[in-house]
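The values are calculated or read from the model by the stated rules, or taken from the named source; none is laboratory data. The shown structure was predicted, so the numbers you read here are calculated from the model rather than taken from an experiment. Cβ sites come from the backbone with ideal geometry, for glycine too, and all protein chains shown count toward neighbours. When the accessible area is computed, the model is the full protein with side chains, heavy atoms only, and any ligands, DNA or RNA have been set aside. Shrake-Rupley method; radii C 1.70, N 1.55, O 1.52, S 1.80 Å.
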Amino acid sequence: MISIPLILIVLLAVDSLHFVFARLLLPHISPGVSVMYVLGIATVEVFIFGLATRRLSFQVLRPNVLFFAAIGFLVAASTNINYEAVAFIDPGTASLLAQTGTIFSLGLGVVWLKDRLNRPQLFGAALAVVGIFIMEFQAGEFARLGSLLVLVSTFMYALHSALTKRYAEDFEFLNFFFYRLLFTTGFLAIFASLRGAFAWPSSEAWPLLLLVGTTDVVLSRALYYLALRRLTLSLHTIALTLSPLVAVLWALALFGILPANQQLIGGMVVLTGVLAASLGRSKH
């Protein structure tokens, strides 16, 4: 039986790498192409696992093709934007801003799913907005562009989560995950084709692509759901809220990059607001 502290440590280490991996791939292959290969590798790996375990069902696709197309498009656009954003913003700051997805999810829940917010959630949402303004006040033009890209991407991912929450709660995970990956990869291929950006990865890029596809997609999501089953919701929330702090350390170790003091202060305010809103939701 895997211990809870070990699950927390590995989850934090892996979950924090999304923007770090995107930045690591940037010098080797263009973002719109690298993300297509990353998701494609993950799709193949999950497909092989599904066939080996005989859990993959092709009957799931036909009645749900529009649903998978919708979430595939949203995840593809969101992930593509993230990979583009790291050319303008450091991975630590991007990871801090991406935590606003919790706030977007709360808003979509109110507007679409008719949820009601309690006081901790309202306070947390307001605090996160204040943190964003702190991070962006007097930021440079490129930093603003990178931040805007991350916020747009985060909203699209939150919208995908809301669709999943509403229409896919009863789906078996492996089948849901495979078809989500399949349609995401398909849309990423369309995006790359429309931009005329197709390129075969170099020999230096392939090992990185295999590492990122396996770690950032397959292993990361498997650990996410393993942790969700083994941990209390509050502890799971706290662990994921700490993930950007680990991303800052990864960026410092690998690239020698730290967010500016103002971005760090604003990021801490965002994380505090997200944590308050998340814990308020878990107790509601």
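The table for this structure:
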| read-out | value |
| --- | --- |
| Ile238 accessible area, 1.4 Å probe, all protein chains in place, Å² to nearest 10 | 70 |
| Rg ratio (alpha-carbon, reference 2.2 N^0.38 Å) - segment 116-229 | 1.39 |
| Cα centroid of segment 49-87 to Cα centroid of segment 1-42, whole Å | 17 |
| Surface share of carbon and sulfur [accessible, 1.4 angstrom probe, percent] for segment 1-70 | 71 |
| Accessible carbon and sulfur surface of segment 81-207 relative to its total accessible area, %, 1.4 Å | 67 |
| Filtered chymotrypsin sites (Phe, Trp or Tyr not before Pro), segment 44-94: DSSP coil and at most 13 other beta carbons within 10 Å | Phe58 |
| Of the DSSP H helices in the chain, those whose Cα atoms cover at least 27 Å axially and whose Kyte score averages -0.5 or more | 31-53, 65-85, 141-167, 173-194, 233-255, 261-283 |
| Exposed-site-free run, longest, the chain (rule: trypsin sites (Lys or Arg not before Pro); DSSP loop; at most 14 other C-beta within 10 Å) | 196-284 |
| Low-density loop cleavage sites - GluC sites (Glu not before Pro) in segment 135-220, where at most 13 other Cβ are within 10 Å (DSSP) | Glu169, Glu172, Glu204 |
| Area accessible to solvent at Phe155, 1.4 Å probe radius, in Å² | 80 |
| Prolate/oblate/rounded call for segment 1-67, Cα gyration tensor, a/c under 1.5 rounded | oblate |
| Over the chain, volume per residue of the alpha carbon convex hull, in Å³ | 139 |
| Heavy atoms of Trp206: accessible area, 1.4 Å probe, square angstrom to 10 | 70 |
| Per residue, in Å², the accessible surface of segment 66-221 once ligands and nucleic acids are set aside, probe 1.4 Å | 47 |
